[in-house]
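Enquirer: Input: one structure, supplied below.
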Amino acid sequence: MSTGAICFNEQNFEYYTPKYIVDMFGKFDYDPATTTEQAKALGIPNYSTIESDGLRQDWCEYKRIWINPPFYLKFPFLEKAVSTYKRAGNDIYFLAPVSILTAKKFHELIEGIGIKLYIPNGRIRFRRIYQEKEEIPAFGCVIFKLQKENEIKMFHIIIPGGHYILNETDV
């Protein structure tokens with residue numbers, strides 16, 4: 001998955017993160033896994049695409065980073081996010097399939113730091129690449145922020161007037 005299409009073909013089905021989901025977490029100044037069009041749509045001024053390869057860039061100068069990496073690159077992007085967080089203490093938000101939470105590699109990579117885990121009360125509606133219509137994929141997602149301590153937040157996806165609102169509750 002990516003906020004754009006870092007490497008799309010008919011077999012890997014990349015999904016775009018809807019703007020209202022990203023907006024729930026505030027403004028971001030960098031996305032290392034997107035397209036020019038998606039970065040502009042999300043209002044993220046600095047970004048990397050497949051051509052500029054976000055995994056090879058230095059993320060330390062950016063204060064707030066949004067990442068929704070391609071599914072098959074979730075662990076390399078997580079490794080880069082963790083190393084960046086350890087060096088610079090950035091606010092790094094990461095959207096991933098819920099299954100990442102049970103992966104041994106996930107636990108190995110985040111060892112020594114905490115996460116603030118955001119669990120939605122339903123599945124996020126994504127846009128498929130080159131499609132305007134949103135759809136719900138066959139997998140659920142979570143969003144987590146790298147930080148010093150572990151914390152869990154539930155968020156309710158409420159649709160007043162057609163927009164989603166972050167309504168956090170402690171677990």
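Enquirer: Applying the selection to the stretch 21-62, what residues are of a type in the set (Asp, Glu) and within 26 Å of Gly122 (Cα to Cα)?
Expert: Selection gives Asp23, Asp31.
Enquirer: I'd like the full set of residues that are basic (Lys, Arg) and touching a residue at least 12 places away in the same chain (Cβ under 8 Å), limited to the stretch 54-100.
Expert: Once the filter is applied, which keeps residues that are basic (Lys, Arg) and touching a residue at least 12 places away in the same chain (Cβ under 8 Å), the stretch 54-100 yields Lys63, Arg64, Lys74, Lys80, Lys86, Arg87.
Enquirer: Considering each of Arg123, Arg127 in turn, give the residue that is modelled with pLDDT under 90, surrounded by 12 or more Cβ atoms within 10 Å (Cβ to Cβ) and assigned to a loop (DSSP other than H, G, I, E, B).
Expert: Arg123
Enquirer: Do you know which of the residues in the stretch 35-67 that are hydrophobic (A, V, I, L, M, F, W, C) and not in a loop (DSSP other than H, G, I, E, B) is farthest from Phe25 (Cα to Cα)?
Expert: Step by step, filter the stretch 35-67, then rank; the result is Leu55.
Enquirer: Quick test for you: out of Gly54, Gly26, Gly43, pick the one residue that is surrounded by fewer than 16 Cβ atoms within 10 Å (Cβ to Cβ), under 22 Å from Gln147 (Cβ atoms) and of a type outside the set (Asp, Glu).
Expert: Every option except Gly26 fails the conditions.
The values are calculated or read from the model by the stated rules, or taken from the named source; none is laboratory data. Just so we're clear, the structure is a prediction, and the values are computed from it rather than from any experiment. No Cβ is skipped: glycine too gets one built from the backbone with ideal geometry, and neighbour counts run over all protein chains shown.
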